[in-house]
1. Restricting to region 94-122, what's the tally of residues that are hydrophobic (A, V, I, L, M, F, W, C), within 19 Å of Ala273 (Cα to Cα) and under 16 Å from the mean Cα position of the chain (by Cα)?
2. Let me spell it out: the conditions are (1) surrounded by fewer than 23 Cβ atoms within 10 Å (Cβ to Cβ); (2) of a type outside the set (A, V, I, L, M); (3) within 13 Å of the chain's Cα centre (by Cα); (4) modelled with pLDDT under 95, and Trp68 meets all of them except one. Which number is the exception?
3. Within region 147-185, which residues are loosely packed, with under 12 Cβ neighbours inside 10 Å and in a loop (DSSP other than H, G, I, E, B)?
4. When region 187-201 is examined, which residues are found to be modelled with pLDDT of 95 or more and more than 19 Å from Asn136 (Cα to Cα)?
5. Taking the condition assigned to a strand (DSSP E or B) and touching a residue at least 12 places away in the same chain (Cβ under 8 Å), does Leu275 pass?
6. From the set of residues in region 193-207 that are more than 13 Å from the chain's Cα centre (by Cα) and surrounded by 20 or more Cβ atoms within 10 Å (Cβ to Cβ), which is nearest to Gly78 (Cα to Cα)?
7. Is it the case that Glu249 is without any contact (Cβ under 8 Å) to a residue 40 or more places away in the chain, out of contact with any Lys or Arg (no Cβ under 6 Å at 6 or more places or on another chain), among the charged types (D, E, K, R) and not in a strand (DSSP E or B)?
8. Report every pair of residues separated by at least 6 positions or lying on different chains whose Cβ atoms are under 8 Å apart, first residue within region 185-198 and closer than 21 Å to Thr167 by Cβ, second modelled with pLDDT of 95 or more and surrounded by fewer than 20 Cβ atoms within 10 Å (Cβ to Cβ).
Amino acid sequence: MIGFRRVCWSVVWVALIPLSVDADDALEKEQIDKWSAYYLQQAKSYELRLTDPDDESLALVPTPVLRWQNPLRSTTHGECFVWTRDGRVLAIASIFSYPVDNNQRRVAHAFNSFALTPLVAELNQQPFWNAPPVANEEWQMVPNSPTVASSPTRRLSQMRSLARQFTSELGGTDGEEKRMLRLMTAPLYRYSSHDDVEKDGALFAFVMGTDPEVILLLESRKTDSGLKWFFLAGRHSYTTLVLQHQDREVWRYTRGEHSPRYLSQHGIDLQPAVLE
């Protein structure tokens with residue numbers, strides 16, 4: 001699991017850190033490290049749990065699964081974190097910032113829930129979000145899904161192959177230009193319970209640059225014909241989003257629609273443009 005995160009991390013570092021090592025580059029890396037520490041502190045300020053008051057909190061994976069920038073908004077950057085229960089991803093958050101002027105950056109938090117029961121989140125012990133459960137009809141079997149392989153290595157190969165069968169685009173409404181999104185072929189996160197054939201899955205992202213716009217969750221699930229691969233899509237953007245499987249539309253979010261399993265909250269914090 002750690003190895004998969006490291007693969008994705010190294011790819012994103014190439015996009016963010018210049019290859020030269022002069023004083024300006026050292027300063028830029030110092031700021032990246034300071035922002036990374038800040039984003040982690042923000043993630044640690046949350047407590048996520050299922051709705052039972054006696055239920056234990058979800059476990060935050062303290063290493064970000066993605067560090068990103070958006071080439072169309074080059075001054076916007078952030079990191080993604082996941083919360084798990086028994087190794088299974090139940091929530092992902094993108095914690096990011098963008099400039100409001102030359103001296104300050106506004107901080108925003110965007111969440112997706114993949115929980116099968118209602119999920120609540122508190123920020124600094126204050127209510128922040130109540131997410132409804134994933135509806136049964138939101139889970140779809142991957143068309144022509146193969147039977148889930150018996151070994152963890154083969155299952156990862158299956159998931160990567162299945163993820164490549166999907167394509168995604170954004171825009172196309174209200175005069176927005178359509179743009180194809182790029183699949184990050186390495187999963188952002190592989191379930192830590194991947195040794196259990198019935199509890200394996202991985203989180204993928206379709207990105208603009210390295211900015212996640214659509215989240216794709218692949219998971220092994222029981223059917224009458226054995227274990228098969230299922231997928232769940234989630235918006236991670238404000239604009240219209242479309243997911244296709246081999247040129248057939250299988251999921252859509254239209255800009256302006258209510259999307260209860262997604263929350264994007266801006267103005268969480270205001271920070272200096274250059275962190276001390």
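1. Restricting attention to region 94-122, the residues satisfying the condition of being hydrophobic (A, V, I, L, M, F, W, C) are 95-96, 100, 107-108, 110-111, 114-116, 119-121.
Now restrict to residues that are within 19 Å of Ala273 (Cα to Cα): 95-96, 100, 107-108.
In the following step, the residues that additionally are under 16 Å from the mean Cα position of the chain (by Cα) were identified as 95-96, 108.
Counting residues in region 94-122 that are hydrophobic (A, V, I, L, M, F, W, C), within 19 Å of Ala273 (Cα to Cα) and under 16 Å from the mean Cα position of the chain (by Cα) gives 3.
2. It is condition (1) that Trp68 fails.
3. Ser150, Ser151, Arg164, Asp174, Gly175, Glu177, Lys178
4. The initial filter retains those residues of region 187-201 that are modelled with pLDDT of 95 or more, namely 187-191, 200-201.
Passing the criteria: Pro187, Leu188, Tyr189, Arg190, Tyr191.
5. Working: assigned to a strand (DSSP E or B): no; touching a residue at least 12 places away in the same chain (Cβ under 8 Å): yes.
Answer is no for this residue.
6. Let us first name the residues in region 193-207 that are more than 13 Å from the chain's Cα centre (by Cα), namely 193-201.
Of the ones still in play, those that are also surrounded by 20 or more Cβ atoms within 10 Å (Cβ to Cβ) are 194, 200-201.
Details: His194: 28, Asp200: 27, Gly201: 24 Å.
Once the filter is applied, the top-ranked residue is Gly201.
7. Working: without any contact (Cβ under 8 Å) to a residue 40 or more places away in the chain: yes; out of contact with any Lys or Arg (no Cβ under 6 Å at 6 or more places or on another chain): yes; among the charged types (D, E, K, R): yes; not in a strand (DSSP E or B): no.
Considered against the rule, which asks whether it is without any contact (Cβ under 8 Å) to a residue 40 or more places away in the chain, out of contact with any Lys or Arg (no Cβ under 6 Å at 6 or more places or on another chain), among the charged types (D, E, K, R) and not in a strand (DSSP E or B), Glu249 comes out as no.
8. Thr185/Arg160; Thr185/Arg164; Ala186/Arg160; Pro187/Leu156; Pro187/Arg160
The values are calculated or read from the model by the stated rules, or taken from the named source; none is laboratory data. Here the structure is a predicted model, which means the values were calculated and not measured. Using ideal geometry, Cβ is built from the backbone for each residue, glycine included, and neighbour counts are taken over all protein chains shown.
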